[in-house]
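Each value in this text was obtained by applying a stated rule to the coordinates, not by laboratory testing. The structure displayed is predicted, hence computed values, not measured ones. Note: ideal-geometry Cβ built from the backbone for every residue, glycine included; neighbour counts use all protein chains shown.
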Amino acid sequence: MREREVPRPITAADVARVAQVSQSTVSLVLNGKWRGRIREATARRVMAASSNLGYQINQAARSLRLGGSGTVLLVVPTLENAVFSTVHAGAARAGALHGLGVVVFPLGAEDGCGPFPVPKQSIDGVIACSMPAEAVADLSTGLPLVVLDDNPYAGAPTVSMDIGDGMANVLAHLTSLGHRHIAHVRADRPTWTFTHRAEVLNRCLLSHPGVTKDDVPCSLNARHVRDRAIHALSGPSRPTAVICDDDNLATGVYYAAHELGLTVGEDLSVVGFNDLPISTLLSPTLTTVRLPLTEMGFQGIQLFMEVCAGRTVKPLVLPTELAVRESTAPPPSAERRPPDAAR
């Protein structure tokens, strides 16, 4: 009986053949040393070929050659929000191309403690997501650091998203529909990304003197949002549209609307942020700002490799996009506005 042949492992030569480049080009790209040497289109072709073939850098050989553990710590505020698992997915994909493992560490765990101690000798660097560099100073001292979703002009190597443009597009969309009284259900967290959203909204409102805004600060808990939204939406002068800092906050507003007998997309327009999977599962589907969360994680690792190579890096700002769905429409006319349902 003929023995089954064991398939040979995929090599860098295979990647080079598929991408139609030299092995040295493959090495430069997968080790994050291609910027300034190789065209971006070529680098992306190499990355795609590596991913499609399932090529993995020999981690043991890499560690012997470069030193270090081949592990990067992705520090996030919490694991309760699906945003951070999406960021990790992108970071892990890029990490696999470079022979790096990406371990998630929730700095703001619900019990106030991390899930495990972080010995610095076991990590090669830190990527902080949605928190400033000073928040991870104890973890990142002496290690390469990249910051995601924070002020791109704060000094640290940063990959951020054009949150301001997203918020400006939301306001432009709602005012074009005719809304003049808007509520901002904002995340009550002192992070740059949420602070920046509020700042941009307030600045854009200066160009719309006929538009008024109510601030409704909330935790990221949907039940808390529901209770706050019920209060904000009760009364004769309720807002006709609600802007939410997060799709999870929007679900709380949906619950509040149901309690008050309001139909989302008719009596009340609702907009979220992030474009999480839940946004298309809600009924009606949620208009939201699509954030490139996976790409941000991917580019965070790419920038990390540049930092490790000692290269000068510039802040990278990724574009956002408004996804218009069923939850936004012109405000109801006075004749058909539902009666107060204050509770």
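Determine the distance separating the Cα centre of region 124-159 from the Cα centre of region 76-93; give it in Å without decimals. Centre-to-centre distance over Cα atoms comes out at 16 Å.
Using the alpha carbons alone, the radius of gyration of the chain stands to its Kirkwood radius in an Rg to Rh ratio of 1.06. Using the rule -39500 (n - 2.57) for each DSSP H run of four or more residues, divided by the residues of the chain, the 222 nm mean residue ellipticity is -11500 deg cm²/dmol. Amide hydrogen proximity for Glu321: with H placed 1.01 Å from N in the peptide plane, the residues at 5 or more positions away or on another chain lying under 5 Å are Arg290.
Between the alpha-carbon centers of region 250-269 and region 169-197, tell me the distance in whole angstrom. With region 250-269 and region 169-197 each reduced to a Cα centre, they are spaced 17 Å.
From most to least packed by mean Cβ count within 10 Å, the peptides 16-27, 160-171 give 160-171, 16-27.
Taken over the Cα atoms of region 12-55, the convex hull encloses 55 Å³ per residue.
In this Cβ point-charge picture (+1 for Lys and Arg, -1 for Asp and Glu), region 163-291 has a dipole of about 160 debye about its Cα centre.
Any idea what the alpha-carbon Rg over 2.2 N^0.38 Å comes to for region 163-291? List each step's numbers first, then the result.
Values: Rg = 13.1 Å, N = 129, 2.2 N^0.38 = 13.9 Å.
Against the compact-globule rule of thumb, the ratio is 0.94.
For region 175-183, backbone phi angles converted through the Karplus equation (6.51, -1.76, 1.60; θ = phi - 60°) give residue-by-residue couplings of 5, 5, 7, x, 6, 10, 10, 10, 10 Hz, Gly and Pro being listed as x. Simple point charges give the picture: +1 on the Cβ of Lys and Arg, -1 on the Cβ of Asp and Glu, and for the chain a dipole about the Cα centre of about 1220 debye.
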